[in-house]
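First up is the structure itself, then whatever we jot down about it.
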Amino acid sequence: MALVGRRAEMAEAGRLLESAAAGRGGVLVFTGPPGSGRTELAGAAAREAARRGFEVLRTAAVRGQASRLVWVRLLRDAGTPDDLAWQMIDGSMPLDADAVARRLTTSGRRLLVIDDLDHAGPEDLQVLRAVAALAAASCTGVIATSALPLGFGTELRLGRLSEEELAEVLPGVPPQARHGLWLASGGLPGLAASLSAELAAGGGDGDPLVILALTASSRAEFLDVDAELVRLLELALPRAPDQATRARLLARLAQELLGDSSAAPRRRALADEALKLARDVGVPQVLAEVLDARLHALWDPAGAEDRLAAASEILELAREAGDDVRERHGLFWRFVALMELGRVGDAEAALAGFERAAAAAGDGQAAVMATARHAMLATLRGRFDEAALLAGRVAADGARAGLADTERLAGALYGQIAFYRGPAGAPFPMDQLAALARRLPGHFIEANSAVALMMNGRVDEAQAELDRVLPAVLAGSGPRWLGAAAMLAFTAAHTRDTAAAARLRDVLLPYRGQLVVLGGANTCLGPVAFFLGLLAARLGLLDEAASCLDEATAVAEDNGALPGLVLSLETVAEVLSLRQAPGDRQKASACLDRARTIAERLGMTEWLGRLAIASHQWSLRRDGQDWLLEAGPERARLRDSRGLHYLQALLAAPGSEILALDLAAGGSGLAVAGADPILDATAKDAYRRRIRELDSELAVAERAGDVVAAERVEKDRQALVAELRRASGLGGRPRLAGVDAERARVNVTRTIRAAIDHIAAVAPILGAHLQSSIRTGTACRYQPAAGGPARWRT
């Protein structure tokens, strides 16, 4: 039963046959990538079964073929009449899986071999489960092959062969060519045999290492690295026979290194040399190929205009050379660049051209890419059900077409739906994001995790992800960079991390006119201006925030991007409520009403209010030994200081003057000269009783939602508090005048201003409000400026 490099797998097949012969059958599944030898291994097992006296029935699932045909063929081969076989699994009737299973497992020793079960439908797997259940008590064994795990039976995944083992599979191949085949195939015997046949068909002209380096397909997903192919290219470079070939090798090596986040300088050097050589050679097809590879190698948001120009040049050169593949690449690059630049209508026209070209060429993978971008655009416009349907098609069609990163592509589409519709719109696969971050270091997957955590209310965990990945993003680049920076901006804005917000604002400002597009435009999170608006609002730059959000609103309206319009309108409404310039209140109300109307129409009601910057009540209060500050979007914990005590007293009595001497006496216990009190003890007690009564009345009014009564009671209370403080001073001490007043004015002013400066460093919106609202001098006052809360809680 020897098979090169597959002795363990053949031994497992032998154990299955021994068990089946003893009446204890089962299912054995060989999984692995195309070219790993699954079919050959199943064939060897079938031959061994026949040698042992088993009846062997073999068939294969065919991609795109009607469901149940696998079992029709097996039933006929088992001797079931054609009409009865069709009746048992007639597509017009419910599938009787148990009846099919009984027919196939009630004979003597039998081995069922089914190739490519990953191409079958759900009903076919349902029958296989029924067969497996009955086979366990029969003399029937089942061997199936699949690219993907099926989730039941004994599953063995086929790995790569060593170079020595591959030499046994390909006898007579020269050592240099064999090494190249081993690298190009990743040690997969079927793929190596196919590549060897292609080399032989070429007549043996040319260096096999160079030919393989230029023609072998990469087996890596997007942003992953095919290390064997990189090594093959490095070995082939010194063997290039001419400048054109060297240019092609250099360009491909630069492209294949895109997944290595540490290789940016090397990619630049390789791509630059390749382009110079290609232009010197002047062959249109070579230049188009080099330009295409260069766009991959030097992929970052700053090059959007250059990408658009290069895409046009690729199209022109490819058409001149009659290179249909490169022409499709040029169309796709044009689509990506136009999306980045916010020209969505032009991008859709380019996508339509790419899709037509893919259909004409029968390029299944390109067709899946086009479907994915239609799903992205459907989400951008708020057609969420259509987007989810298309994402499901991407998952199914991508697997059938062998698109390497199908699962990630579909996941990104569902992630975009969740970003706009809210977490209930599509779940965030947190475990998959974590695994992807481990597999693709340096590509900022943690930024996706931060947003997912933030949207699910796990704020502390989101902040931790922000802290971890921020330094890498600030220093990085690449096709995911702009999206990662925007996602971190979203997170920083909602975790109230003003230090991160300031740094992210600086790096995002140069891209204010672009859309946040990730990779090949498989995800679009809307205008960069929206995220800049969020950051500016959190930094207290309300005019800048309003300007950015107005721009984001206009972009969303121009492109029919209704979900982005909802988020922009809601956020600008909150910014205007804080700023309170003339006309802001009315505009904010109109924006919020419109946002809610559109959100309800799109089913985004879960998301409404999640971005709100609460402005009706702010608080500065003691929390243990510290002070807790909450002001709209800002939240901070402050160490105790004399200035905070002074501010608390002023904020509790807006519009009322409190002498600096009173603040100092209440806050620091200055020893001052005696003076007759303005109010005697009886009067003070009466004032305090009445204030307590008003506190109770205010609580009753607030619980009842009686705004008018609450405002009236609060006004009476503030008047009494002001009079009591004017007459009595803080802490019950009598108000004093004289030589101490000037000292109190200087000390209190300095202390209050220091406290405000400290607050501004951690809460810039509140800091700006206090700087414009606090009056200091012999008498101090909190006179609320525009942009403050309706009420303070102290």
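The values are calculated or read from the model by the stated rules, or taken from the named source; none is laboratory data. Since this is a predicted model, take the numbers as computed values, not measurements. When we count neighbours, we look across all protein chains shown, and the Cβ atoms used for this are built from the backbone with ideal geometry, even at glycine.
Summary of computed values
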{"read-out": "Condition met for Ala529 (crowded, with 24+ Cβ neighbours inside 10 Å, outside the structural domain of Met369 (by TED's automatic domain parsing), within 30 Å of Gln365 (Cβ to Cβ) and of a type outside the set (S, T, N, Q))", "value": "no"}
{"read-out": "Residue selected from the stretch 179-220 under the condition in a loop (DSSP other than H, G, I, E, B) and over 22 Å from Leu403 (Cα atoms), by the criterion modelled with the lowest pLDDT", "value": "Gly204"}
{"read-out": "The one condition in (1) touching a Gly at 6+ places or on another chain (Cβ under 9 Å); (2) surrounded by fewer than 20 Cβ atoms within 10 Å (Cβ to Cβ); (3) not in a loop (DSSP other than H, G, I, E, B) that Gly513 fails to fulfil", "value": "(3)"}
{"read-out": "Close pairs from the stretch 375-393: first free of Cβ contacts under 8 Å to residues at least 24 places away in the same chain, partner of a type in the set (Asp, Glu), Cβ under 8 Å, at least 6 apart", "value": "Ala378/Glu386"}
{"read-out": "Sole exception among (1) at pLDDT below 90; (2) within 19 Å of Thr39 (Cα to Cα); (3) assigned to a loop (DSSP other than H, G, I, E, B) for Leu161, by number", "value": "(1)"}
{"read-out": "Filtered residues of the stretch 438-452 (kept if among the hydrophobic types (A, V, I, L, M, F, W, C), under 11 Å from the mean Cα position of the chain (by Cα) and under 23 Å from Ala475 (Cβ atoms))", "value": "Phe444, Ile445, Ala447, Ala450, Val451"}
{"read-out": "Scope the stretch 445-465; condition within 20 Å of Gln416 (Cα to Cα) and touching a Leu at 6+ places or on another chain (Cβ under 6 Å); matching residues", "value": "Ile445, Ala447, Asn448, Ser449, Ala450, Ala462"}
{"read-out": "Residue match in the stretch 606-624 (condition: more than 16 Å from Ala790 (Cα to Cα), modelled with pLDDT of 85 or more and surrounded by 18 or more Cβ atoms within 10 Å (Cβ to Cβ))", "value": "no"}
{"read-out": "Enumeration of residues in the stretch 133-146 that are more than 40 Å from the chain's Cα centre (by Cα) and under 26 Å from Gly159 (Cα atoms)", "value": "Gly141, Val142"}
{"read-out": "Hey, Leu287 assigned to a helix (DSSP H, G or I), buried (at least 18 other Cβ atoms within 10 Å of the Cβ), touching a residue at least 24 places away in the same chain (Cβ under 8 Å) and not polar (S, T, N, Q) or not", "value": "yes"}
{"read-out": "Unique match (being buried (at least 24 other Cβ atoms within 10 Å of the Cβ), over 29 Å from Ala372 (Cα atoms) and outside the structural domain of Gly415 (by TED's automatic domain parsing)) among Leu535, Leu549", "value": "Leu535"}
{"read-out": "Number of the exception - Thr106 against (1) assigned by TED's automatic domain parsing to the domain that holds Ala45; (2) within 25 Å of Ser36 (Cβ to Cβ); (3) exposed (fewer than 14 other Cβ atoms within 10 Å of the Cβ)", "value": "(2)"}
{"read-out": "Helices (runs of 4 or more DSSP H) enclosed by the stretch 687-794 - at least 2 residues per element that are at pLDDT below 75 and surrounded by 14 or more Cβ atoms within 10 Å (Cβ to Cβ)", "value": "707-728"}
{"read-out": "Selection count where residues are crowded, with 16+ Cβ neighbours inside 10 Å and either over 16 Å from Leu508 (Cβ atoms) or among the basic types (Lys, Arg) (or both), scope the stretch 468-492", "value": "2"}
{"read-out": "Leu134 vs. criteria assigned to a loop (DSSP other than H, G, I, E, B), outside the structural domain of Arg219 (by TED's automatic domain parsing) and either modelled with pLDDT under 90 or not β-branched (Val, Ile, Thr) (or both)", "value": "no"}
{"read-out": "Hits in the stretch 91-103 - residues which are surrounded by fewer than 21 Cβ atoms within 10 Å (Cβ to Cβ), of a type in the set (A, V, I, L, M, F, W, C) and more than 15 Å from Ala78 (Cβ to Cβ)", "value": "Met93, Leu95"}
{"read-out": "Set Ala192, Ala177, Ala220, Ala216: member being touching a Phe, Trp or Tyr at 6+ places or on another chain (Cβ under 8 Å), surrounded by 14 or more Cβ atoms within 10 Å (Cβ to Cβ) and either among the aliphatic types (A, V, I, L, M) or outside the structural domain of Leu440 (by TED's automatic domain parsing) (or both)", "value": "Ala192"}
{"read-out": "Positions within the stretch 313-323 being within 33 Å of the chain's Cα centre (by Cα) and under 19 Å from Glu355 (Cβ atoms), in sequence order", "value": "Ile314, Leu315"}
{"read-out": "Those residues of the stretch 633-668 which are under 17 Å from Ser772 (Cα atoms) and not aliphatic (A, V, I, L, M), in sequence order", "value": "Gly643, Tyr646, Gln648, Pro654, Gly655, Ser656, Glu657"}
{"read-out": "The lone exception for Met88 - which of (1) at pLDDT 85 or above; (2) touching a helix residue (DSSP H, G or I) at 6+ places or on another chain (Cβ under 9 Å); (3) surrounded by 14 or more Cβ atoms within 10 Å (Cβ to Cβ) it fails", "value": "(1)"}
{"read-out": "Subset tally (residues that are under 26 Å from Glu18 (Cα atoms) and small (Gly, Ala, Ser)) for the stretch 71-96", "value": "2"}
{"read-out": "Identity of the residue in the stretch 50-69, β-branched (Val, Ile, Thr) and buried (at least 17 other Cβ atoms within 10 Å of the Cβ), that ends up nearest to the chain's Cα centre (by Cα)", "value": "Thr59"}
{"read-out": "Only one of Arg319, Arg328 that is surrounded by 22 or more Cβ atoms within 10 Å (Cβ to Cβ), among the basic types (Lys, Arg) and either assigned to a helix (DSSP H, G or I) or in the same structural domain as Ala269 (by TED's automatic domain parsing) (or both)", "value": "Arg328"}
{"read-out": "Filter pass, Arg356 being of a type in the set (Lys, Arg) and touching an Asp or Glu at 6+ places or on another chain (Cβ under 7 Å)", "value": "no"}
{"read-out": "Verdict on Gly382 being of a type outside the set (S, T, N, Q), touching a helix residue (DSSP H, G or I) at 6+ places or on another chain (Cβ under 9 Å), buried (at least 21 other Cβ atoms within 10 Å of the Cβ) and outside any helix (DSSP H, G or I)", "value": "yes"}
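Results for (1) assigned to a helix (DSSP H, G or I); (2) crowded, with 22+ Cβ neighbours inside 10 Å; (3) aliphatic (A, V, I, L, M), shown as yes or no for each residue.
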| position | (1), (2), (3) |
| --- | --- |
| Glu407 | yes, no, no |
| Ala410 | yes, yes, yes |
| Leu413 | yes, yes, yes |
| Ala452 | yes, yes, yes |
| Ala464 | yes, no, yes |
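Yes/no per residue for (1) in the same structural domain as Asp226 (by TED's automatic domain parsing); (2) at pLDDT below 95; (3) closer than 24 Å to Leu433 by Cβ; (4) in contact with a Lys or Arg (Cβ under 6 Å, 6 or more places away or on another chain):
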residue: Val344; (1), (2), (3), (4): yes, no, no, no
residue: Glu348; (1), (2), (3), (4): yes, no, no, no
residue: Ala372; (1), (2), (3), (4): yes, no, yes, no
residue: Ala378; (1), (2), (3), (4): yes, no, yes, no
residue: Gly392; (1), (2), (3), (4): yes, yes, yes, no
residue: Ala399; (1), (2), (3), (4): yes, yes, yes, no
residue: Thr406; (1), (2), (3), (4): yes, yes, yes, no
